[in-house]
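Reviewing the structure listed below.
The values are calculated or read from the model by the stated rules, or taken from the named source; none is laboratory data. Note that the structure is a prediction, hence the values are computed from the model and not measured. Virtual Cβ from ideal backbone geometry, glycine too; neighbours counted across all protein chains shown.
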Amino acid sequence: MSRCVIITAYNDYLIKESIEIEKGDFIICADAGYELARRENIVPRVIVGDFDSLESEVNVSGHSLLDVVCLPMEKDDTDTLFCLKYGLEKGFKEFVIVGGFGGRSDHTYANIQTLAYGCAKGVSVRMQDKKNMFTIISNTEIKVPKREKATLSVFAYSDVCTGVSLKGVKYELDDHTLTNRFPLGVSNEFVEDEATISCKSGMLLVTVVADKNT
């Protein structure tokens, strides 16, 4: 099955700098993410939001497949979380959230919690832009491609993560236990073309952050 791409309203970089859109991607725009997509001639399948941050009216003329889901201003779900739930209902197992790092820091943390929601549902969700990639894993192994002048970090998102192993990095771990009270996994370095990261239990936050000046 194809992947679900969620374009958020908060992106410091061009969408096409942050992700290579693939044929067959099911694209959902969260609120003003539609403005960003339109500027790059990216046509979503769905637009979701309360449209509190949208600068202009949504124009869907000529896009017969486009669906607009209007949410109330006062709600429990963030626009991004609702997009994820929408994609889950469609049966998607792989999600990419584009952006999500810009704007307010509380929104960024809310998006990290959205990663945790996806992890708990057993699907792959990562949040990325040109310089950053965040994901949360549990009871699995992933491979993360090297980025130039980037640091790789792992943090226990849950209270405890057991069986944490890191390979292909300067500071390796083998079946280690991490807690959310000590940042042992911060600022590691790639020494191979990709890093292999695994976690047997708990939710492990994996981040790749590149130098903004590169």
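Close Cβ contacts (under 7 Å, 6 or more residues apart or on different chains) running from residues in the range 116-134 that are part of a helix (DSSP H, G or I) to residues that are of a type in the set (G, A, S) comprise C119/S138. Of the candidates S153, S165, S198, the single residue that is of a type in the set (S, T, N, Q), under 24 Å from E17 (Cα atoms) and assigned to a strand (DSSP E or B) is S153. Within this structure, Q128 passes the test of being under 21 Å from I42 (Cα atoms) and at pLDDT 95 or above. Residue check: is V144 farther than 20 Å from R3 by Cβ and either touching a helix residue (DSSP H, G or I) at 6+ places or on another chain (Cβ under 7 Å) or crowded, with 16+ Cβ neighbours inside 10 Å (or both)? No, not satisfied. Checked against (1) in contact with a Phe, Trp or Tyr (Cβ under 8 Å, 6 or more places away or on another chain); (2) within 30 Å of C4 (Cα to Cα), S158 passes all but a single condition, namely (1). Look through the range 111-132, keep the residues that are surrounded by fewer than 22 Cβ atoms within 10 Å (Cβ to Cβ) and within 11 Å of the chain's Cα centre (by Cα), and return whichever of them is farthest from V186 (Cα to Cα). So the residue we want is S124. Scanning the range 155-190 for residues that are of a type in the set (A, V, I, L, M, F, W, C), closer than 18 Å to A116 by Cα and in contact with an Asp or Glu (Cβ under 9 Å, 6 or more places away or on another chain) yields a single hit, V164.
When the range 150-183 is filtered for residues that are surrounded by fewer than 18 Cβ atoms within 10 Å (Cβ to Cβ) and out of contact with any strand residue (DSSP E or B) (no Cβ under 6 Å at 6 or more places or on another chain), the ones remaining, listed by number, are D159, R181, F182, P183.
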